[in-house]
Amino acid sequence: MNFTYEQSQPRVQPKADPNYFLHDETLNLVKEERRLTGLVIENLQKIQDSKLYLKMGYSSLFEYAVKALGYSESCAYRRTSAVKMARVMPEIKQKLNSGELNLTNLSMAQGFFAKVNADLARQKEILEKIENCSKRETEKILVREFGTKALAPKREVVQTASGDEALLHVRLKHETLKKLDRLKSLRAHKNPRMSYADLIDDMCEYMLKKLDPMKGDAKSRTAIARPKLNKPGHPHASPRYISPQLKRRIWQRDQGRCTYRDPKTDRRCESHHLLQIDHVLPVCRGGQASEQNLRLLCHAHHRLRELES
C-alpha cells in the first residue's frame, strides 16, 4: 500500500486590519467619555450645592451650563436633570460610567417621575427596568408603567422664521384654547379677523400696560400697603415703603434686569425672571428706601444675598 504525504505548508498569519485597532481605540474613548460625563455630573452637583453659579452671576444651574460651559440647551437639560436625580440616588453616577444608564433615558424618566410624583422606591424600580434600553424602549416602559397621561410633553420650541417673525410651538389644553377663542370674540370689535398671533400680541400689550413697572401707567405691585400719611420724608415713614414712582424709577434705571455682579469677573446676571427690589444696605442696619439704596435682584440672587448676610 502506497501512501502519499503532502509537504505541510507553514500557516500564514493574516495581516492585522488597522480598522480593528481603530475600533479598540474608539471603544476606549467611549469608556473615557462616560467616565468624564460622570465627573461632569459630580462637579455640577458640587457647583449647585455651593451656589457657585449664583456667585458667578448666573440665575440657575441650567443657565450656567449653557452660557458658561457652552452646552446646547438640550445637553444642559439632560445634565441638570441627572444632577437632580443623582442627589437622591448617588448610584446613578456609577451606572452612567458603566453605560447601563444614559443621560437621555434619565431625563425622560425624570419627566415621568415629576408628573406622577413617584416615590424614591418606585423611581429605583423603574430605573432598573430601563437599564441598557434604547430611547424608544425606555419610552415604552415608562408609558406602560405610568400610562400615556404621564407622558412628558415635548418642550416648547421657538424657531426663527424669516424677517422679524418667529415660530412658536406649544401644547395647550382644550380649555385654554376655548379661553383664547372667547378672548378673540371679546376683542372682535378691534379686529374682526384676529388670528391667534394677533390675539397674543394684543394680550401682551394689554398685560404689559397693567403689570410692567417700567410703563408710565403701571401700578406698584410690590409696595407695602401703608396709611396715606406714611410717605417718604414723613417722620414716621417706614424704610420698607417703596412708592410706585420710586419703584418705576428703579426699574427704568436697572432696565428691568437683575443687577447682581460677580465680584471677580464683574459679569452681570441680567435675569428678567422673578425680579425683586432689594435694599443694598439692609433695613435692619439702617438702610432707607432711597433710589441710591435700592436695586433689582432676581429671586435666586435675592435668596443668595439672604443666605450670605
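The values are calculated or read from the model by the stated rules, or taken from the named source; none is laboratory data. None of the values given here were measured: they were computed from a predicted structure. Because the Cβ atoms are built from the backbone with ideal geometry, glycine has one as well, and the counts that use them run over all protein chains shown.
Miscellaneous remarks
- Against the criterion of being closer than 21 Å to Glu73 by Cβ and of a type in the set (A, V, I, L, M, F, W, C), Ala121 does not qualify.
- Scope region 239-272; condition polar (S, T, N, Q) and buried (at least 16 other Cβ atoms within 10 Å of the Cβ); matching residues: Thr259, Ser271
- Within region 101-130, the residues that satisfy the criterion of being of a type in the set (D, E, K, R) and either buried (at least 18 other Cβ atoms within 10 Å of the Cβ) or in a helix (DSSP H, G or I) (or both) are Lys115, Arg122, Lys124, Glu125, Glu128, Lys129.
- Members of region 41-66 found to be closer than 15 Å to Ala82 by Cβ, surrounded by fewer than 18 Cβ atoms within 10 Å (Cβ to Cβ) and touching a residue at least 40 places away in the same chain (Cβ under 8 Å), listed by number: Glu42
- Cβ-Cβ under 9 Å pairs, at least 6 apart or on other chains, region 100-118 side over 16 Å from Pro90 (Cα atoms) and in the same structural domain as Lys31 (by TED's automatic domain parsing), far side among the basic types (Lys, Arg) and at pLDDT 85 or above: Thr104/Arg78; Thr104/Lys135; Asn105/Lys135; Met108/Lys135; Phe113/Arg122; Val116/Arg122
- Within region 279-306, the set of residues being of a type in the set (Lys, Arg) and loosely packed, with under 13 Cβ neighbours inside 10 Å comprises just one member, Arg285.
- For region 67-82, the set of residues classified as of a type outside the set (Ser, Thr, Tyr) and surrounded by fewer than 18 Cβ atoms within 10 Å (Cβ to Cβ) consists of Lys67, Ala68, Leu69, Gly70, Glu73, Cys75, listed by residue number.
- Residue match in region 258-273 (condition: hydrophobic (A, V, I, L, M, F, W, C) and either more than 21 Å from Leu52 (Cα to Cα) or in the same structural domain as Leu61 (by TED's automatic domain parsing) (or both)): no
- Failed item in (1) assigned to a helix (DSSP H, G or I); (2) of a type in the set (A, V, I, L, M, F, W, C); (3) at pLDDT 90 or above, with Cys133 passing the rest: (1)
- Selection of helices (runs of 4 or more DSSP H) fully inside region 194-309 by the criterion of at least 1 residues being modelled with pLDDT of 85 or more and more than 25 Å from the chain's Cα centre (by Cα) returns 196-211, 244-253.
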